[in-house]
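Notes follow the structure.
We did not get these values from a lab; they are worked out from the coordinates using the rules stated. Values in this document were obtained by computation on a predicted structure and should not be read as measured data. No Cβ is skipped: glycine too gets one built from the backbone with ideal geometry, and neighbour counts run over all protein chains shown.
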Amino acid sequence: MIEFGANILEPAYERKPHYIGCDPSTAYYSFNCLQCRQQIQVPLTTVSSLGEEFSVEDLKRIKEYFEIGIVGKSRDGGWPAFHRVICAECGYQYLFYVGVDEPSNSFYTITVQGICELKMTQS
């Protein structure tokens, strides 16, 4: 089971996309680890799935935490995608949340919507 810690970035309706284009393979988002201050770079192509690395129960908790409603869209209008990010220096874990929209075939807008500490507990 997952538990959430401190927020680094909270969702916002007015946030501008962090990537717009056809090939996000060179797009990254960086933030500093809360524990060791090491810079963490997240490739935006790693967050293209809805959250396949999480259990159904954890995915439900994530959607509730980020207030993703019954329509299932992120605040920017894209589809929410979640990824577990681990600091290579200290092992601290984060939940990385983006909205992914594909307004035309193979053309993407990716908006980073949330980053928070992620704690895994035994249920």
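The label-point distance for Asp23 and Ser104, in a model that sets each label 7 Å from Cα toward Cβ, rounds to 1.8 nm. With Cα atoms defining each centre, the stretch 25-42 and the stretch 91-119 are spaced 13 Å apart in the structure. When the Gaussian network model of the chain links Cα atoms closer than 10 Å, the mean-square fluctuations of Tyr65, Tyr92, Tyr28 top out at Tyr65.
For the stretch 81-123, the alpha carbon convex hull comes to 100 Å³ per residue, rounded to a whole number. The GNM of the chain, with springs linking C-alpha atoms under 10 angstrom apart, assigns the highest mean-square fluctuation among Thr111, Thr26, Thr45 to Thr26. Each Lys and Arg adds +1 at its Cβ and each Asp and Glu adds -1 at its Cβ; summed about the Cα centre, the stretch 2-120 shows a dipole of about 160 debye.
Quick note on the stretch 43-105: its Rg to Rh ratio, both from C-alpha atoms and Rh being the Kirkwood radius, is 0.99. Just checking the listed ones, Glu102, Glu14, Glu64: in the Gaussian network model of the chain with Cα springs under 10 Å, the one fluctuating most is Glu14.
I want to verify the translational diffusion coefficient of the stretch 2-120 in µm²/s; compute it with Stokes-Einstein, Rh as the Kirkwood radius over Cα pairs, at 4 °C and 1.567 mPa s.
So the translational diffusion coefficient is about 90 µm²/s.
Computed over the chain, relative contact order equals 38 percent, with contacts defined as Cα pairs under 8 Å that lie 6+ residues apart.
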